[in-house]
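Notes follow the structure.
The values are calculated or read from the model by the stated rules, or taken from the named source; none is laboratory data. Model, not experiment: these values are computed from the prediction. Cβ: placed from backbone, ideal geometry, glycine included. Neighbour counts: every protein chain shown. Ligands, DNA and RNA are excluded from the accessible area calculation, which covers all protein heavy atoms including side chains. Shrake-Rupley method; radii C 1.70, N 1.55, O 1.52, S 1.80 Å.
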Amino acid sequence: MNEPSMRTPTPPPVLLEAGAAVGETARQLTRLGLGDHVCLVYERPEEQVVALVPYVRQGLERGERCVYVVDEHSVDDVAAVLEAHGVEVERERARGALVFLTQREVFLRGGRFEPEAMVAYFRRVEQESLAAGFTGVCATGEMSWALGAEPSRLELIRYESLLNHYLPGSHAMANCQYNRKRFPPEVIHDVLRTHPRVILGDEVHENLFYETPEMLLGQESEAGRVEWMVRQLKRVRAAERKLVQLGIRLSEQAVENGRLYEEAREAVRARDEFLSVASHELKTPLTPLRLRLQGLRREVEGGEEDLVPRERVMRAARGAEQQLRKLAVLVDALLDVSRLTQGRLALTWEELDVTEVVREVVERFAQQAAKAGSAVEVVAERPVVGRWDRLRLEQVVTNLLSNALKYGAGRPVHVEVEGEPERAVLVVRDEGIGIEPEHLERIFGKFERAVSGRHYGGLGLGLYITRQIIQALEGTIEVRSKPGQGSTFRVVLPRRTPSPTGRGSG
Ligand code: ADP
């Protein structure tokens, strides 16, 4: 009758083999918690080790008291196996977290298994454990010992049914160990019908064959049985559906990962291209700057007198300044991008007039416009007042206007400011080379260009910075264009004034 629990004739190989699988069971056991009732049906000792070591370890880790019902002759074996798998048996026993129950009189009355007494005993252990500060009780028992070698079918069903009533909602869980070699198939058959979950090998199964105690005892109505079957069928379907959904989610995730990968690759490509464009752009003003200064030096060195004509010095200085301005613009754009990337675009909100800002910027561009051969026509009759950031607004107008002149093919450029009650509208239109439809969205991206670097210099940052500024001002920018006929950029900026100046006032 005394079934040696976890008795392993050659412990080292069993432990080694078990060691690898313990991890998998441990992962699956995390699904189990207080209130659960599970059975372990096993044949080989290593199957028992694989299931019980993580069960006990998990209980201890969760702060539960682990109660192991075991034959007194097997305590040392069980302790050795637990110890070998990292459980500090002595320490856990000393603090009452691990308890081996061996007093047979607790469960047997007059030499017979007594289900009610056993469950009542568990209740007491649960109360005491909670009072002692444990989070609950995780119990396991070698049933061939607890039940006796040949329990009556009714006793077993009564015991497991009592547990099914007691455990859900309690602070206890039970894992009943059944050795298939020790019990006849009809007992194992009942075991498989009385436990909501079953551990086989290193797998925890939701038990489709679990029946209510009434069904087991033949007391369930036909209608009740039909209900049970319908429930089981739905359970299988629900599990399948979960799997399918998981599969769909995973494949969506894979597609998304692929997209992110492509995006990252594209960003790296754009960055590399940018670096080569940027170094070229930064170098371009350096050559004339160097030539100017060299020329000046030579003149001073080769001159017979100490005096170099004022006009020559002035011309060299103006030329050098012009190149330095170009460099400064490039460096400013780079600094802006780095600020934007770090989300550090600080705005200074103040009341100002877009019309005035536009007129100022256009004036500054007079020389450049003349050089490009484009007349700049401004239609901005009335002041359009609102709260914005002056420097950033200037930057928006500057970028759009300089692009219009750069890509305007020497034809006229039109700038228009309109005031609506709640917003200001700025339109910059040119009649130049235009943009192919497929590039229209892309040109607002960082480092994005739709022209070849050989024909037009540029970092591909102007429109990116422009759009970022406009977004920070809570406005929008859009572009319309026909290749060969020109482009129109339309900016809408909310005024953010406490009381809008009213229709037509702008
Ligand atoms: P950059 O002008 O330095 O290349 P931008 O960010 O200002 O950078 O512009 C991005 C691209 O958008 C340009 O390279 C050009 O292809 C296109 N683009 C911008 N403005 C115009 C315009 N007015 N007409 C035609 N193409 C334009």
Next on the checklist: Is it the case, given these coordinates, that residue 408 is modelled with pLDDT of 95 or more and either closer than 30 Å to residue 275 by Cα or under 40 Å from the mean Cα position of the chain (by Cα) (or both)?
Outcome noted: yes
Checklist outcome for this item: The condition of being basic (Lys, Arg) and within 15 Å of the ligand (Cβ to nearest atom) holds, among 411, 387, only for 411
Checklist entry - For segment 414-430, what are the residues that are within 9 Å of the ligand (Cβ to nearest atom) and open to solvent by less than 60 Å² (accessible area, probe 1.4 Å)? => result 428, 430
Checklist entry - Among the candidates 395, 368, which residue alone is under 16 Å from residue 493 (Cα atoms), within 16 Å of the ligand (Cβ to nearest atom) and in a helix (DSSP H, G or I)? => result 395
Next on the checklist: Is it the case, given these coordinates, that residue 448 is closer than 30 Å to residue 344 by Cβ, part of a loop (DSSP other than H, G, I, E, B) and either within 7 Å of the ligand (Cβ to nearest atom) or touching a Lys or Arg at 6+ places or on another chain (Cβ under 6 Å) (or both)?
Outcome noted: yes
Item to check | Candidate set: segment 451-472, residues that are touching a helix residue (DSSP H, G or I) at 6+ places or on another chain (Cβ under 7 Å) and more than 8 Å from the ligand (Cβ to nearest atom); chosen: the one farthest from residue 394 (Cα to Cα) | outcome: 453
Next on the checklist: Show the residue pairs meeting these rules: Cβ distance below 7 Å; 6+ apart or different chains; first residue within segment 87-101 and more than 17 Å from residue 54 (Cα to Cα); second residue at pLDDT 95 or above.
Outcome noted: 96/65; 96/132
Checklist entry - In segment 431-445, how many residues are of a type in the set (Phe, Trp, Tyr) and either part of a loop (DSSP other than H, G, I, E, B) or near the ligand (Cβ under 7 Å from one of its atoms) (or both)? => result 0
Checklist entry - Any residue at all in segment 473-491 that is within 10 Å of the ligand (Cβ to nearest atom), more than 24 Å from residue 388 (Cβ to Cβ) and open to solvent by 40 Å² or more (accessible area, probe 1.4 Å)? => result yes
Checklist entry - Do the conditions hold for residue 404, that is, is it out of contact with any helix residue (DSSP H, G or I) (no Cβ under 8 Å at 6 or more places or on another chain), near the ligand (Cβ under 7 Å from one of its atoms) and within 18 Å of residue 478 (Cα to Cα)? => result yes
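One line per residue, one yes/no per condition, for (1) assigned to a helix (DSSP H, G or I); (2) modelled with pLDDT of 95 or more; (3) open to solvent by less than 80 Å² (accessible area, probe 1.4 Å):
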{"position": "343", "(1), (2), (3)": "no, no, yes"}
{"position": "347", "(1), (2), (3)": "no, no, yes"}
{"position": "361", "(1), (2), (3)": "yes, yes, yes"}
{"position": "391", "(1), (2), (3)": "yes, no, no"}
Item to check | Qualifying residue in segment 376-388 (condition: touching a Phe, Trp or Tyr at 6+ places or on another chain (Cβ under 8 Å), open to solvent by 70 Å² or more (accessible area, probe 1.4 Å), assigned to a loop (DSSP other than H, G, I, E, B) and within 15 Å of residue 495 (Cα to Cα)) | outcome: no
Next on the checklist: Just checking, does segment 272-283 include any residue being open to solvent by less than 70 Å² (accessible area, probe 1.4 Å) and within 26 Å of the chain's Cα centre (by Cα)?
Outcome noted: no
Item to check | Counted residues, segment 189-224 - those being of a type outside the set (Gly, Ala, Ser) and assigned to a helix (DSSP H, G or I) | outcome: 11
